[in-house]
Each structure stands twice: as structure tokens, then as C-alpha cells.
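Heads up: the structure comes next, in C-alpha cells.
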Amino acid sequence: MSSGDPGPPGAVPLFEGAAAWRADPRRAGAEGNGSGEDVRAATAAILERVRREGDEALVDLARRFDAPDFDPSRLRVSREELEARASGAGAEARALLRRTRARIAAYHDRQREASFRMDIGDGSRLEWRSLPIAAAGVYVPGGAAVYPSTVLMNTVPAAVAGVPRIALATPPGALERSPVLAAAVLAAGVHEVYRIGGAQAIAAFAFGTASVRRVNKVVGPGNAYVAEAKRQLGQLVGTDAFAGPSEVVVLADATARADWIAADLLAQAEHGSGEERAILVTTSRELARAAVAELVRQAEGQPNAATIARALARHGAVVVVEDLNEAVEVAEEIAPEHLEVMTRDPEALADRFPSAGAVLLGDHSPVAASDYGAGPNHVLPTGGAARFASPLSVGDFLKRQSVLRYGERTLAALRGDFERFARIEGFEAHARSVAIRFEAAGPGKTSVSGVPAPPPERG
């Protein structure tokens, strides 16, 4: 194993065996998306201000963090302004956005959940209803970089679900800096757009203000303060998963190309936080060495070289394992956001990764294709949460509702079961609430509606 000095940009340690990689001290704290005490306290203060002061707090925080001369009248973005800003994106960019949205929508349309109804006689029925939530809020970061793909990935599932009101918030200045972002918002078909950034945007969606109507669920990535706001408000408003730094694991055998692998690892490492994880797990020592060399070679001259070097030095790794079974074990242990399988027969392994967020099979399925609109959602669980969490989907914008309608004959036929079960659990009032419906007539007589009352229970 080689480790220690991170070396030149793109350098990563090569571990001879999974045991050596597991002993790497850099792995400590690689999982989880928790916030420090300073972030928690600062976020709590912002949320309380928005709760108490509403728009006044939003304007003051916008002036403090984003635009010193922020005008309160600019909190909500008009349709006319959005169209004007989007026009600056150019016809080619706008067409690209429309094509991308169509692919994402076609994939998510298959995720629609069917309701069902069971007719059980006597006019009685049982139902399962899948209903869109009444309102969704989408947060889109807007710092030095802007992310039109984030707009589409977070709004399309809500639109497909049939959410009647979709609101979007992005920091002041974001729409002005990026006509493409404005065009993406326009293409998404959202109903309300606000200039609000950070934790205060999540608070505005959760509490509501004079200008911002409350929503039922908030989704979208953000910094540690945005994630912490979602955590603190999680009992007031629905939220998506708490997103952490991006991750990719490439699982490869000797048939894979080292230069393609290195390119995919570098792509994941350039996101910017310096905490991204980019790991190659391979059965081939020759491929491992070639990939290490390719990482250094390709990292030279990258526009985001400093960001890449920081991430790879902290969480990059190349791990040599004995066979594909051990490779699968390591991948499942990591439970990565993205898992690329670049082997001779990737389909043979396709069903062996229940703990990955997204599985990308074969040499021509890079993460970038998934990120930029192949169809599946790129909002994925991170930090090991893929063991139990799922990609953002249409189902995240639906609520389920059960419906029961019994006729008198059906209740009469089953009252004994219901009353007995209530008494087993010690709830006599529950049992009475069923029995009272049949006390208008004695045994053998007819009730008010003409249904014979059942004989009294014995025992």
C-alpha cells in the first residue's frame, strides 16, 4: 500500500487488498451527512428569524449574504422577467433544455403509482389512493456555479406526479448571472419563483411569509446550512434526503480501460467540496497501476485541478481485490451514490448491488450521462444512505390515502372479529363503538335499517 503524501494533482493511494483499504485512517468520517454545532446553531437562528419576521427577515438576510442593495419588491420573480432573462440563453441552449426535460419526464412517467379499489359487496369497498401533494418547493443553489440540471431533476418528478403548485427558490443574483438557469426554470414549468437563498429559503417554504406561500415538501441540494434547515424542519415540512458530497465507485476487471476509469473518477472529484469520494475497486493489479498513472496525467491542466486534488487526497483510492465477489462486497460496504460496473459481463453483476444509489452498467454508461438527462434522476442518497434510501422519484411527491366504506351487512358480518380484537388489546370503547351500531334492536329482531342483529357473543 502506498499512502501518506498525496503527491501531484490526481494522485491517489493504491491499496493491495480490501483489508489494507479498510485500515486507511482517511476513511474515518467518510460516511454520514451530519452538521457541526456552529452550523446547527446558526441555522436555528435563521429559521427562528424567518418564523418570527417573515419577509423582513428574508430581505435582511438577502442583503447580508447575497446583495447589499436587495429590493424587497424583487423577492418574487415575475413571469415576464423570467422570460426576458431566459431569452438570453439562446435558441440552442433552450432546445437542449427541452430535449433533456423530455427524456427525464419519459423515464419518470413510468413511475406513476396506480390507485386501486376493492368492491366487497353490500356497497362496501376498500380503496388505496395515490394523490399528489398540494404544493412542492424546490431549492436550487446559485453561488459561483449554477445548475440548470438541478432545476429539471427536482421539478420534473413533481410535475409528473401532478403537483398543482411547484415553487422554486434560488439566491439573489443567480438568474441574473445565468440566462441558462432562467431558461431551465421556464422550461420546468414551475408556478412560482423566488429570490431566496440558503436556509432562509427552506424556512420560508416551511413557515410561509407574506410573500411566500407554504409548501408541503421541500427538495433540492444546498450547502450544510440548507441540509441542516431541512433536518431541523423535518417535522413541519416533508424533505428529501440530506445530500452530502458526491461519490462514485468504479468496479472493474482487466477488460476495462484505465483512461476511461480515470476520467470518471476525476469527474466526480471536481464537484467542489473537497469531500467527494472517487474509488476504483478492481481485480487487476495492472489496471490499478495504469489507473493511478492516468489520474495524475489527466488531472494536469484540469480547470478544477485544485478541487480535484483536494478530494482525491482525502477520499480517493484504488483498491485491488482478489475476485469479483470481493469487489461486490467492497462496493456494498461503501453503498455509494453512483456505482459504475466496467467488467467483461456487467449484466451478470447487475442484481448484486442493492445498496447502491444508481448502478451504471458497462463501459459506455458514465455518471455524466445520468447527471445530464439520460432519464433517471441524479438526486441520489449519499454517505451510505443508499442502503435504505432511494433516488428522487415521482413517489416523493405523492401521498397515499386509504379509504374504507362498509355497508351495515358487511360490518355486521365482521363485528365479532373487530370487537374481539379490541378487547384483546384492552380497548373496550373501541369494541363499544362497533357494537353500538346494532343495539337499536334486540337479538332476533330487526334493526332500524332492516338488517337482522347478530346474537350476542358468548365467552
Region 177-284 - charge dipole about Cα centre, Lys and Arg +1 at Cβ, Asp and Glu -1, debye rounded to 20: 660 debye
In degrees, nearest ten, helix 285-299 long axis to first principal axis of the chain (Cα): 80 degrees
Percent antiparallel among DSSP beta bridges (both partners in the chain, rounded to 5): 30 percent
Nearest-ten-degree value, helix 305-315 long axis tilted from longest Cα axis of the chain: 60 degrees
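What dipole magnitude, in Debye to the nearest 20, does region 210-273 give about its Cα centre under +1 on Lys/Arg Cβ and -1 on Asp/Glu Cβ?
The dipole of region 210-273 has a size of about 620 debye.
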Debye log10 I(q)/I(0) for the chain, one point scatterer per Cα, at q = 0.08, 0.13 Å⁻¹: -0.60, -1.14
Gap separating the Cα centres of region 268-298 and region 120-135, nearest whole Å: 51 Å
Between region 174-212 and region 88-115, the alpha-carbon center distance in angstrom: 19 Å
J(HN,Hα) series, region 351-361, from Karplus relation 6.51 cos²θ - 1.76 cosθ + 1.60, nearest Hz, glycine and proline x: 9, 9, 10, x, 9, 8, x, 9, 10, 10, 9
Top positive-direction residue, dipole computed over the chain with Cβ charges, set PRO13, ALA288, PRO172: PRO172
Mean ellipticity per residue at 222 nm, deg cm²/dmol - from DSSP H runs of n ≥ 4 across the chain, formula -39500 (n - 2.57): -12000 deg cm²/dmol
Angle between the chain longest axis and helix 198-207 axis [Cα atoms, degrees, rounded to 10]: 10 degrees
For ASP351, ASP66, order by how many other beta-carbon atoms lie within 10 Å, fewest first: ASP351, ASP66
Radius of gyration and maximum dimension Dmax of region 179-290, Cα, Å: 19.9, 63
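For ASP396, what charge total do you get from the other residues with a beta carbon under 14 Å from its beta carbon, if Lys and Arg give +1 and Asp and Glu give -1? Kindly include the intermediate steps, with their values, before the conclusion.
Details: positive: ARG112, LYS217, LYS230, LYS399, ARG400; negative: GLU113, ASP240.
The answer is +3.
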Sequence-separation-based contact order of the chain, relative, with Cα cut under 8 Å and 6+ spacing, percent: 20 percent
Packing-based exposure ordering (other Cβ within 10 Å, fewest first) of LYS217, LYS230, LYS399: LYS399, LYS217, LYS230
Volume per residue that the Cα convex hull of region 15-110 spans, once the total is divided by residue count, Å³: 279 Å³
Residues ILE120, ILE46, ILE424, sorted so that the one with the fewest Cβ neighbours within 10 Å comes first: ILE424, ILE120, ILE46
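All of the numbers you see were taken from the coordinates with simple rules; none came from a lab. Since this is a predicted model, take the numbers as computed values, not measurements. With ideal geometry, Cβ positions are generated from the backbone for all residues, glycine too; neighbour counts draw on all protein chains shown.
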